[in-house]
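*Asks:* Could you have a look at this structure, given as structure tokens, before my questions?
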Amino acid sequence: MKILITSMFYKKSFGQGLCAEKLAEFLSKKHKVSVFHSEKKDFKAKKNLMIKRINSSKTKGMDILSFSFNLRNELIKKNDFDVIYSQDYSFGLVDFEELNCPVVYHARGTVKGNSLNRPKTELKTELMRKIAIPLMEKMDQRCCQKAKTVIAASETIKKEIENYYEIKGKKIKVVSDGVDLHKFSKTKTILIKAKKLKKKLKLENKKVILFAGRLVPQKGIIYLIKAMEKIVKKIPNAVLLIAGTNTSENYKKILEKEINKSSLGKQIKFLGYVKQEKMPELIEASDLIASPSTYEPIGIINIEAIAMNKPVIIPKTIGSIELLKESALIVNPKNSAGIAKTIIKIFSSKKVYKKLSFNGRKNAVKVEWNKIGKEVEKILKENKNE
């Protein structure tokens, strides 16, 4: 098969960019794969894998629209693919009819679900969102309606697509994101690296809570910071590590302001962007992973954490709850007191901690990337041009 993967993000530590990379690499073992992305840098091609950057605007909000228009122009120039596998709703402005090529759309969430559950931020951002969100919802809905098959990241997302966009369930296939079990494993090398990292960050004898993801309002980081005030009163050696890039304008400043208000400067550390190859040692250096998102379709970091037998704190609305539930305690993401109480419970009881750590890897095996790749490959074969 000749497969085109379109994804604004590529080769990231989290989410869509990571998924696009892993599936492109898997599919290119047997098929000719092209990837169109909008990252700022170019990536080297590999055998059966061509990677091309499509220009997009640097202005937030306009980046999606410009990528979509430029992607459409690129496909008009050349489209000899057997199937197109779209990873995001930027494909929503492409003329599906003129493509003469079947499209499989991968929905890791819905724009509608995200907008309904996203906390409000500064006035300027909210005004921009009021203008942009209706168009983004239409693009997302159009992708779901026009695609030959829709892949939903979880049963929860499948229900959202059915309810919000009135798409029949038969058209929707559920495929989770995955984990690299070879990388996310307690090998001797990872244990040594984790020990060195703890020493470097002065985390010896600390109870380490890790948040890893984009610094955006819907990730619920501000509720985790507020929870730390209560946590340190009961667990004085508790430390919160925040790993991720500031993709929402001024949001890191809002978080820093909250930290300064509470005098928790020594207990909370911003690590910035952490490369995917460094994530196993960071997870191993942590005692638990907290993801109190207000909207979280999957949360790859949680799957990676349970692969290393680490407990996770997850929101009750998370899409991957069936996979994670044996290794997780579930919280109301906007309830800082509840988040604090749950984390204190884990740290205060060896029995609870051991129970949550026990079955993680066994469940992560179910979504190893090769298994996910085979599921996606099967769907693409079923939908390709004859």
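Residues checked against (1) surrounded by fewer than 15 Cβ atoms within 10 Å (Cβ to Cβ); (2) under 22 Å from Tyr353 (Cβ atoms):
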| position | (1), (2) |
| --- | --- |
| Leu203 | no, yes |
| Ile209 | no, yes |
| Val216 | no, no |
| Ile222 | no, no |
| Lys233 | yes, yes |
| Ala238 | no, yes |
| Tyr251 | no, no |
| Leu255 | no, no |
| Leu271 | no, no |
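*Asks:* Specify the residue that is farthest from Ser262 (Cα to Cα); the eligible residues are those in region 335-367 that are charged (D, E, K, R) and surrounded by 16 or more Cβ atoms within 10 Å (Cβ to Cβ). Lay out the reasoning, then the answer.
*Replies:* Residues of region 335-367 charged (D, E, K, R): 341, 345, 350-351, 354-355, 361-362, 366.
Restricting the remaining residues to those that are surrounded by 16 or more Cβ atoms within 10 Å (Cβ to Cβ) gives 341, 361.
On the way: Lys341: 18, Arg361: 37 Å.
Filtering region 335-367 for residues that are charged (D, E, K, R) and surrounded by 16 or more Cβ atoms within 10 Å (Cβ to Cβ), the one farthest from Ser262 (Cα to Cα) comes out as Arg361.
*Asks:* Where in region 179-291 are the helices (runs of 4 or more DSSP H), entirely inside, with at least 2 residues that are more than 27 Å from Lys22 (Cα to Cα), within 23 Å of the chain's Cα centre (by Cα) and in contact (Cβ under 8 Å) with a residue 60 or more places away in the chain?
*Replies:* Helices (runs of 4 or more DSSP H) meeting the threshold: 221-234, 251-262.
*Asks:* Moving to a separate point now. For region 100-112, state whether one or more residues are in a loop (DSSP other than H, G, I, E, B), charged (D, E, K, R), in the same structural domain as Glu21 (by TED's automatic domain parsing) and without any contact (Cβ under 8 Å) to a residue 24 or more places away in the chain.
*Replies:* Kept after step one, since they are in a loop (DSSP other than H, G, I, E, B), are these residues of region 100-112: 100-102, 108-110.
Subsequent filtering for residues that are charged (D, E, K, R) retains 108.
Of the ones still in play, those that are also in the same structural domain as Glu21 (by TED's automatic domain parsing) are 108.
Within this subset, residues satisfying the condition of being without any contact (Cβ under 8 Å) to a residue 24 or more places away in the chain are none.
No, the conditions are met nowhere in region 100-112.
*Asks:* Name every residue in region 349-379 that is more than 20 Å from the chain's Cα centre (by Cα) and assigned by TED's automatic domain parsing to the domain that holds Ala152, in order of residue number.
*Replies:* Step one: filter region 349-379 for residues more than 20 Å from the chain's Cα centre (by Cα), giving 349-359, 362, 374, 377-379.
Selection gives Lys374, Glu377, Lys378, Ile379.
*Asks:* To continue, here is another question. Among (1) in a helix (DSSP H, G or I); (2) within 19 Å of Leu324 (Cα to Cα), where does Pro297 come up short?
*Replies:* Single failed check for Pro297: (1).
*Asks:* Give region 13-37 a look and list any residue that's among the hydrophobic types (A, V, I, L, M, F, W, C) and in contact with a helix residue (DSSP H, G or I) (Cβ under 8 Å, 6 or more places away or on another chain), or say none.
*Replies:* Phe14, Leu18, Cys19, Leu23, Phe26, Leu27, Val33, Val35, Phe36, listed by residue number.
*Asks:* Hey, among the residues in region 6-34 that are of a type in the set (A, V, I, L, M, F, W, C) and touching a Ser or Thr at 6+ places or on another chain (Cβ under 7 Å), which one's modelled with the highest pLDDT? Don't jump to the end; show me each part of the working.
*Replies:* Taking region 6-34 and keeping what is of a type in the set (A, V, I, L, M, F, W, C), we get 8-9, 14, 18-20, 23-24, 26-27, 33.
From what's left, touching a Ser or Thr at 6+ places or on another chain (Cβ under 7 Å): 8, 20.
Values: Met8: 91, Ala20: 94.
Looking at the filtered set, the residue picked out is Ala20.
*Asks:* I've got another one for you. Of the residues Ile190, Ile209, Ile172, which single one is closer than 23 Å to Arg108 by Cα, touching an Asp or Glu at 6+ places or on another chain (Cβ under 8 Å) and modelled with pLDDT of 95 or more? Steps first, answer last, please.
*Replies:* Details: Ile190 fails: closer than 23 Å to Arg108 by Cα; Ile209 fails: closer than 23 Å to Arg108 by Cα.
After ruling out the rest, the residue left standing is Ile172.
The values are calculated or read from the model by the stated rules, or taken from the named source; none is laboratory data. This structure is a prediction, so every number in the text was calculated from the model and none was measured. Heads up, the Cβs are rebuilt from the backbone with ideal geometry, glycines too, and the neighbour counts pull from every protein chain shown.
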